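**Q** Would you mind keeping the following structure in view while I ask a few things?
The values are calculated or read from the model by the stated rules, or taken from the named source; none is laboratory data. Source: prediction; values computed, not measured. Glycine also receives a Cβ, built like all others from the backbone with ideal geometry; neighbour counts cover every protein chain displayed.
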Amino acid sequence: MKMPGKMLPKIFGFIFKKPVTVLYPKERLTPPKGLRGKMKFHLERCIHCGLCSHDCPSGACTMQLITGDKKQPVFDLDFCTFCAQCEEVCPKDAIEMTTEFELAHYKRGEAIVK
Amino acid sequence: MIWLANVKIPIGPQHPALKEPENFTITLDGEKVVDADIRIGYTHRGIEKLIETRNYIQNLYLIERICGICSFTHTQNYVQNVETILNIQIPRRAEYIRTLFLELERLHSHLLWMGVAGHEIGFDTLFMYTWQDRELVQDILEFISGNRVNYAMNTIGGVRRDISEDQKKKILETMIYLEKRAAYYKEVAVNEKTILARCQGVGILKPEIALKLSAVGPTARASGVDVDIRRDDPHAAYADTPFQVITTDTCDVFGRFVVRVLELFESINIIRHLMNNLPTGEIKAKAPRKVPEGEAISHTEAPRGEDIHYLRSNGTDKPERYKVRTPTMANLLSISEMLKGTYLADVPIIVAGIDPCMGCMDRVLVLKEGKENQPGYLLDWEHLRRYGIQWYAEKGGRIQ
């Protein structure tokens with residue numbers, strides 16, 4: 001007859017090991033270099049073509065009139081799915097994804113990248 | 001005990017034993033399940049209709065969100081369909097990277113399933129162990145693609161990110177550790193009494209019934225049906241990758257456990273082969289935005305089984321019709337066959353045994369209008385109110 005507790009030696013081994021998780025606000029894991037976090041927009045490189053808002057799957061990127069007489073992309077992170085399609089489609093590399101991932105905020109409309 | 005004969009109990013849509021909402025009406029004789037009826041449609045999301053309103057690039061990310069676990073296999077099907085209609089050649093390197101993702105996804109899906117199965121049989125230690133190992137696979141996915149779950153890696157004409165040398169090294173290093181862990185699970189699965197007692201002889205699905213109900217993937221393979229799309233109709237880079245199709249003949253939940261554990265080894269070997277033979281060159285071919293008129297059908301082996309997508313285009317930048325048949329849809333009918341003759345306590349593990357993904361599977365339920373006092377009769381609000389009052393009055397359970 002097979003006895004229960006085939007895993008017991010491993011289980012006891014784990015008691016003396018350090019936890020796998022970290023205490024988040026005190027300790028932080030560094031995200032990998034390629035993480036798709038909050039985007040950065042370089043207005044000086046933008047040619048106002050609107051491809052980013054055309055291809056945005058979630059409607060986070062819209063063309064709005066902010067300064068000057070040409071529309072520029074505005075990113076609402078409440079809608080963003082962080083697929084980085086805008087970064088890929090941009091012909092002048094005006095959009096850049098950073099590794100910033102702590103984007104919690106209190107109200108709608110607070111997390112907007114211009 | 002006459003009064004206990006054939007009691008109907010509803011399990012779901014909301015039920016603690018189910019991970020996703022779906023309705024199972026179980027007819028019980030004492031503690032034995034006599035009959036099981038499945039009613040779908042609770043988590044229908046209307047993705048197929050939504051696809052028709054978006055352009056081909058936007059749809060990549062929508063189709064990725066059909067499933068949270070096997071998201072890559074859905075985009076793989078979609079890009080295969082679009083590429084077939086566009087008639088473009090994909091670079092070999094892109095094909096290899098796609099295959100790598102499909103296999104990494106299979107690894108983490110199978111590890112996830114083992115955890116869920118362990119949890120359903122009250123063996124939470126296994127759940128903790130497998131999910132800890134799954135985290136390593138997700139770290140690799142995040143390291144390569146930048147996202148843990150919906151990788152946004154596939155695009156029409158190739159993949160979006162390349163694999164560097166140190167990424168390759170990290171993948172191969174992790175595979176050594178995961179192989180050790182998979183060997184441990186293999187040993188545990190056949191020796192641990194907790195698993196054997198709850199899984200052996202539970203949820204029997206005979207091969208001929210599996211074929212008749214068109215079961216797919218590990219569910220079919222555990223019943224001895226030798227079917228695998230990766231071998232039968234190779235997509236991506238599977239044609240030049242050697243691997244074995246795992247089948248067992250136990251036909252029960254234990255067989256499904258063993259098939260998935262052994263598939264971990266196959267996936268690890270495939271990933272090793274891909275990484276050691278990664279061709280050099282481009283990762284993306286240029287693709288036009290508008291897709292000419294045409295239709296295409298594509299199927300891939302998702303972690304849960306065969307996944308079929310159909311696309312009809314009309315020459316614009318939006319699809320005309322898109323149809324998805326997820327593996328759970330094919331496996332769902334076999335649940336009702338597996339449940340017959342088992343005990344009520346085994347229902348959760350049998351339902352979890354096919355690795356169901358209700359959110360991917362759900363379809364609209366169209367009711368045919370029937371006559372009064374017959375199945376399918378639709379009540380209006382006033383009628384329903386009167387019916388309710390009458391029903392409670394007959395039971396005597398409500399004060400008038």
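**Q** Considering each residue of segment B:186-220, count those that are assigned to a helix (DSSP H, G or I) and surrounded by 19 or more Cβ atoms within 10 Å (Cβ to Cβ), and give that number.
**A** Number satisfying all stated conditions: 10.
**Q** In segment B:226-239, how many residues are in a helix (DSSP H, G or I) and free of Cβ contacts under 8 Å to residues at least 12 places away in the same chain?
**A** 2
**Q** What are the pairs with Cβ atoms under 7 angstrom where one residue, in segment B:245-272, is under 16 Å from B:Val227 (Cα atoms) and the other, located anywhere, is among the aliphatic types (A, V, I, L, M) and in a loop (DSSP other than H, G, I, E, B)? Sequence gap at least six, or different chains.
**A** Pairs that qualify, where the first residue is under 16 Å from B:Val227 (Cα atoms) and the partner is among the aliphatic types (A, V, I, L, M) and in a loop (DSSP other than H, G, I, E, B), are B:Cys251/B:Ile204; B:Cys251/B:Leu205; B:Val259/B:Ile246; B:Leu262/B:Ile246; B:Glu263/B:Ile246; B:Glu266/B:Ile246.
**Q** When you scan segment A:5-15, do you find a residue that is within 10 Å of chain B (Cβ to nearest Cβ), of a type in the set (Phe, Trp, Tyr) and over 30 Å from B:Leu62 (Cα atoms), even just one?
**A** Quick first cut of segment A:5-15, residues within 10 Å of chain B (Cβ to nearest Cβ) only: A:5-8, A:10-11, A:14.
Restricting the remaining residues to those that are of a type in the set (Phe, Trp, Tyr) gives A:14.
This time we only want the ones that are over 30 Å from B:Leu62 (Cα atoms), so: A:14.
Checked against the condition, which is being within 10 Å of chain B (Cβ to nearest Cβ), of a type in the set (Phe, Trp, Tyr) and over 30 Å from B:Leu62 (Cα atoms), segment A:5-15 yields at least one hit.
**Q** Residues being closer than 30 Å to B:Arg93 by Cα and of a type in the set (Phe, Trp, Tyr): count how many of those fall in segment B:238-271.
**A** 3
**Q** Another question, if that's okay. Of the residues that sit in segment B:237-287 and are among the basic types (Lys, Arg) and over 19 Å from B:Leu172 (Cβ atoms), which one is surrounded by the fewest Cβ atoms within 10 Å (Cβ to Cβ)?
**A** Applying the first criterion (among the basic types (Lys, Arg)) to segment B:237-287 yields B:256, B:260, B:272, B:284, B:286.
With the extra rule that they be over 19 Å from B:Leu172 (Cβ atoms), the set shrinks to B:256, B:260, B:284, B:286.
On the way: B:Arg256: 30, B:Arg260: 25, B:Lys284: 18, B:Lys286: 9.
Once the filter is applied, the top-ranked residue is B:Lys286.
**Q** Just checking: which of the helices (runs of 4 or more DSSP H) contained wholly in segment B:283-400 hold 1 or more residues that are among the aliphatic types (A, V, I, L, M) and within 28 Å of the chain's Cα centre (by Cα)?
**A** Helices (runs of 4 or more DSSP H) meeting the threshold: B:327-339, B:347-353, B:358-361.
**Q** Take the residues of segment B:1-45 that are of a type in the set (Lys, Arg) and assigned to a loop (DSSP other than H, G, I, E, B): which is modelled with the lowest pLDDT?
**A** Checked segment B:1-45; the qualifying residue modelled with the lowest pLDDT is B:Lys19.
**Q** From the list B:Arg304, B:Arg321, exactly one residue is under 20 Å from B:Ile57 (Cα atoms), of a type in the set (Lys, Arg) and modelled with pLDDT under 95. Which is it? Walk me through how you get there before you give the answer.
**A** Values: B:Arg304 fails: under 20 Å from B:Ile57 (Cα atoms).
B:Arg321 is the lone residue from the list that is under 20 Å from B:Ile57 (Cα atoms), of a type in the set (Lys, Arg) and modelled with pLDDT under 95.
**Q** Hey, another quick one. Within the bounds of segment B:221-230, is there any residue that is under 30 Å from B:Cys251 (Cα atoms), touching a helix residue (DSSP H, G or I) at 6+ places or on another chain (Cβ under 9 Å), within 12 Å of chain A (Cβ to nearest Cβ) and surrounded by fewer than 18 Cβ atoms within 10 Å (Cβ to Cβ)? Break it down into steps so the answer makes sense when it comes.
**A** At the first step, the residues of segment B:221-230 found to be under 30 Å from B:Cys251 (Cα atoms) are B:221-230.
Still in the running and touching a helix residue (DSSP H, G or I) at 6+ places or on another chain (Cβ under 9 Å): B:221-230.
Add one more test, that the residue is within 12 Å of chain A (Cβ to nearest Cβ), and what stays is none.
No, the conditions are met nowhere in segment B:221-230.
**Q** While we're looking at this one, here's another question. Condition (residue is farther than 25 Å from B:Asn154 by Cα, touching a residue at least 60 places away in the same chain (Cβ under 8 Å) and crowded, with 23+ Cβ neighbours inside 10 Å) applied to segment B:34-53: is it met by at least one residue?
**A** no
**Q** Looking at segment B:145-185, which of its residues are away from chain A (no Cβ under 11 Å) and either surrounded by fewer than 16 Cβ atoms within 10 Å (Cβ to Cβ) or on the phi > 0 side of the Ramachandran plot (or both)?
**A** Scanning segment B:145-185 gives B:Gly157, B:Gly158, B:Glu165, B:Lys169, B:Leu172, B:Glu173, B:Ile176, B:Tyr177, B:Glu179, B:Lys180, B:Ala183.
**Q** Kindly evaluate A:Ala84 against the criterion of being in contact with a Cys (Cβ under 7 Å, 6 or more places away or on another chain) and under 27 Å from B:Tyr151 (Cβ atoms).
**A** So A:Ala84 does not fit the description; no.
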